[in-house]
Amino acid sequence: MKILSLGGSTSSQSINRQLARYAAGLVADGEVTDLDLREFELPLFSVDEEEANGVPQGAKDFLALIDQHDAIVVSLAEHNGSYTAAFKNLYDWASRERYEVWGGKPMLLMATSPGGRGGAGVLAAAEATFPRMGADLRATFSLPGFGDNFDSEAGVADEVLKAKLDEAVSRLG
């Protein structure tokens, strides 16, 4: 199974990218593509920009990557209770090319943060909208206290959270 792993942040040390990559790696016989949002330089979305120049190639490339994979693992960073500006901009542009951005692909949707809410705000926003935008949402997972609950080599340290993640990953395939 080809899995697209996406952390919704442009940080070079994104904790959400780390979590997405780790979770995608838990899929038995999975072949993981680790997407880096920094590869998609796009102008800020506006109708005027679209009318003048069309949908940017980066948004089309993002959709092509989705189409080349069997499933998607997304972990969204939360900025002030919502998506990061970079992710939202890419998502907005992609939706102008194809409203069902996620192409009907099975998805594991996650979020993490250093704090105790584990990205609950952005996770709720995505859970409400992604299915309308073509995600076959199979499971969600929130990891609170990333620094306390995740180790870059061992993964999720807390046994209860690890069991919840394993269950969520099992629903993907």
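Dimensions of region 125-173 along the principal axes, based on C-alpha atoms and rounded to the nearest Å, stand at 34, 22, 17, largest first. Modelled spin-label separation between Asp29 and Glu41, with each label point placed 7 Å from Cα along the Cα-to-Cβ direction: 4.1 nm.
Mean silhouette area of region 1-97, derived from the convex hull of its C-alpha atoms and averaged over all directions, reads 6.2 nm².
Close amide H contacts of Ala77 (hydrogens built in the peptide plane, cut-off under 5 Å, sequence separation of 5 or more or a different chain): Gly8, Ser9, Thr84.
Computed from the Cα positions only, the extents of the chain along the three principal axes stand at 52, 33, 27 Å, in decreasing order. Sequentially through region 95-107, phi angles give Karplus couplings (6.51, -1.76, 1.60; θ = phi - 60°) of 5, 6, 7, 8, 4, 7, 3, 7, x, x, 6, x, 9 Hz, Gly and Pro residues having no value and appearing as x. In the chain, the longest principal axis of the Cα atoms and the axis of helix 120-129 are about 50 degrees apart. With viscosity 0.890 mPa s and temperature 25 °C, the Kirkwood radius over alpha carbon pairs of region 51-141 converts through Stokes-Einstein to a diffusion coefficient of 181 µm²/s.
Rounded to the nearest 20, the Cβ-based charge dipole of the chain about its Cα centre (Lys and Arg +1, Asp and Glu -1) stands at 340 debye.
Taking amide H positions as modeled 1.01 Å from N, with prolines and chain starts lacking one, the residues under 5 Å from Ala139 and 5 or more places away or on another chain are Met107, Leu109.
Label reach from Met1 (point 7 Å along Cα→C-beta): in region 132-173, amide nitrogens under 18 Å belong to 135-142, 163-173.
Here, each number is a calculation from the coordinates, and none is a lab measurement. What you see is a predicted model; the values in this text were computed from it and never measured. Cβ sites come from the backbone with ideal geometry, for glycine too, and all protein chains shown count toward neighbours.
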